[in-house]
Amino acid sequence: MRADHLSDMELQQWVLDPSNTGADHRAHLGQCEECMIRAGEYRLLIAQIKQESAPVFDFDLAGTVLSQLPDYDNLVEPGYERAPLADAARYHRPVGFRRGTLSWPILLVISIVPGGLLYLFGKEVWGIFSGFSGMMLWMLVTSAALILLFQGMEVYRKYQRKIDALNLY
C-alpha cells in the first residue's frame, strides 16, 4: 500500500478504466477512504459531463470565422508585385532587408564572430589550406561562399513568409 494518496490523474484514470490501473493503486483504493471519496466525486463528475449535450450554434461558426480572415490570394501590399512563379510565397518581397527588422545587427554579429576567430586562429587555418593550389583554394572558397549565400537567402525568405503570415503590421 502507498503511504501517500493517489494523484488526481491516477484517480481519473482508475474511474475511466479500472482494469488499466496497477495493483498497488487498487490496493490503496481498497483501504483509503479519502481516495475512494475523491474517486466517487470524479465518477459523478464524469457521468454529468457525459450527459451534457453538445453545444449547438444557431449560426455558421466556421463561416463567420473564415469570413473575418484576410483573403491571402488577393493580398498584395502596396509597392510590391505579385510573384511571377507560383511558389509557396504569398507575395514577393524585393531583395534586401526590410524596414525596422533586426537583420542588420544579426548580420553584423554573424560577420564579426567568424572574422574574429579567423583573426585569432588565422595562421592555423591558413596552414590547413597551404597545401592546396591557388586555383583549387579559390574554387573551394567561392563554392562555400555561394552555398552559404543561397542558404542564407532561403532562410531569410522562410522567415519573411512566417512573419508575413503573422500579419503583425
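All of the numbers you see were taken from the coordinates with simple rules; none came from a lab. Values in this document were obtained by computation on a predicted structure and should not be read as measured data. A quick note on method: Cβ atoms are made from the backbone with ideal geometry, for glycine too, and the neighbour counts reach across all protein chains shown.
Each principal axis of segment 8-51 carries a Cα extent, and these read 31, 21, 13 Å when sorted largest first.
Between Asn20 and Gln48, the C-beta separation translates, for a Förster distance of 22 Å, into a calculated FRET efficiency of about 0.45. List the residues of segment 127-168 whose backbone N lies under 13 Å from a point placed 7 Å from the Cα of Ile106 along the Cα-to-Cβ direction. Zone members listed by number: 152-164. A Förster distance of 41 Å, applied to the separation of the beta-carbon atoms of Thr142 and Leu66, puts the FRET efficiency at 0.25.
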